[in-house]
Structure formats: structure tokens, C-alpha cells
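Rule-based calculations on the coordinates, nothing more; no lab input. Model, not experiment: these values are computed from the prediction. Here the Cβ is made from the backbone with ideal geometry for all residues, glycine too, and neighbour counts use every protein chain on show.
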Amino acid sequence: SLNHFYKRKKEMKLLLLLLLMTILACKVQGIGQSGKACSQKFEDLESSLNDTRKKVESMEHEMEKVVGVMKELFLAHYDPDAFEEQRRLKKEVEIKEQARLKKQEDERLFKEELIEQSLEDGKSAPDNIECRSYAFLTHFRNIEHGGQDATNSSYCDSPNWSPSGSDVSPDWVGTGWYRFYGPSGHRMPTTAPGEDQCGTFGTGWLIGDHPSVPGETVDARVCFQALDECFRSVDVKITNCNSFYVYYLPDTPFCKFRYCATNERL
């Protein structure tokens, strides 16, 4: 009830006043037996204040819910159209929130999967440090994917050409060792995939072959297809890690250029 609520708030104010008075008393009395007793009194009052604060906050929350229900009942009676519109908007908010939470949970589970996969594959990987220390490329880099995502966005693997960072691939962390995984694909294509694919305009593909022996590292070249099959190129390294490949990739020379992958396995 409202009376109970206001009584609790009054109790909280009184406890706060007593707490302040106890602090002043402790400062006057200093240390010693009386000071210890004062300190204990202070702790008891602080605990009571925290308990009362939690009860008041809980009651405020319940009152907000009651007020919300009363507003809905008022609208339903006096303005049915506004009531239905409010319900529709509320439902939209709930659906968006559920989608956000599901996406958050899916991302968490996928990160756990990456960690587990990395540990499992590491058991049979050669001793090369890059076979155990690499970043994953999991964004939609598959050559079977078009040049844009669901939001009509395309990306690049270079922060140098995207000052705001909005065009940089979500899985790109700068020059270093990478492994393609999941929906991204498994390894780089060795034939030109065509421009405007794998979430970008300038598609990165590998000239030459992958290393065939576990632990072997080779120098290679990646071409970016834009206007022609090799509009620009960069030097890379590739290591055979037994059940997968890792690539040492630099930032791409332009935006929107990025490294692509295919579903072909090792």
C-alpha cells in the first residue's frame, strides 16, 4: 500500500540520519573501547539502511508496474485505438529485445565453439606457434555469398581506409595469422571468384598452391579481383597445420577489398 511505502521511505530517512549522527559520534570518541562500540553501531545501522533501501526499491518497482497497468486500463476504456497501438509498439520492443538476447547468446556459444575447436585441433597440429596462436575469420567471407550483407553493407580488411571503422570487417584485427572457420569457409580460393563477392567488392584469392606437408610454411601472393583478376596484390604466408591452414595476412591495400574463402577443405 502507499502508506506502507511512505512508512518505509520515512524509516530509510531516519536510519540515514542516525547513520550520520553515528559517524559524527565516532569521530568525536576516536579509537578505544567506546570507539569500537561506536563502529559496531555504525555497521548495524548501515546494514539496516541497506535492507530498507532494497525494500523501498522493490516497492517502487511494484508501484511502477501497477501504474502501468492502470494506464493501460484507462486507455483501453477511453481510447481503444491508442491502447491497441501501444500494445503493438510494446510487442515490437519485446520482439527486438528477444532477438538481441538470442543474438548475444548465439555469439557467446559460437565463441565457446571456436575455443573448443582450437584446443581440439591443436592436439594434432605441428609445433609451429602460428598453429596455436591465430585469429579466426568467421564473417561471411564465403565466395558463395554476394557482395553485401542483410543491411546492404560491404566490408574491407583495413582500418587505414575506413577512418570511422564502420567498413572494417568485424573479424579483422589487423595484420597477423588467421584461420578461416564456420560460415566463412575453410581456405582461400585458388581461382578468381569474380568481383563483388564474399561481402566486398575487391575479392581476395590465392595465386598458387597451399603447402601439402604439416608444419610447412610457404610464401604466396593474394590478388584482389576488381576490374581485372589481379587489380592489386599483397604478399602472404601460409602454414599447413595438419587439419587446417593459417594465413599471415596484411591489411588490404584498399577498401573495399578483403580476403575470401571457399568451402573446400585441406
Query raised in the report: Between Ile207 and Lys102, what is the FRET efficiency for a Förster distance of 51 Å, r being their Cβ-Cβ separation, to the nearest 0.05?
Result: 0.80
Query raised in the report: Taking the highest mean first, how do the peptides 84-92, 234-242 order by number of other beta carbon atoms within 10 angstrom per residue?
Result: 234-242, 84-92
Report task. Could you work out how far apart the two model spin labels at Gln40 and Phe110 are, taking each label as a point 7 Å from the Cα in the direction of the beta carbon, and quote it in nm? Result -> 5.8 nm
Query raised in the report: Any idea how far apart Val66 and Arg87 come out in nm if each label point goes 7 Å out from Cα toward Cβ?
Result: 2.4 nm
Report task. Would you please put 202-214, 124-136 in order of how densely packed they are, using the mean number of other Cβ atoms within 10 angstrom per residue and starting with the highest? Result -> 202-214, 124-136
Requested in this report: For the stretch 126-266, build the convex hull from the C-alpha positions and give me its volume per residue in Å³.
Outcome: 90 Å³
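Go ahead and run the numbers for FRET between Ser233 and Arg265, Cβ-Cβ distance against an R0 of 25 Å, rounding to 0.05.
Working: r = 25 Å, r/R0 = 1.00.
Efficiency, from the Cβ-Cβ distance: 0.50.
Arrange the peptides 218-228, 72-82 so that the one whose residues have, on average, the most other Cβ atoms within 10 Å appears first.
Numbers: 218-228: 17.3, 72-82: 11.6.
Ranking the peptides 218-228, 72-82 by packing returns 218-228, 72-82.
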**Report entry** Entries of Lys10/Lys55; Lys55/Lys90; Lys54/Lys90 with Cα pairs more than 18 Å apart
**Finding:** Lys55/Lys90; Lys54/Lys90
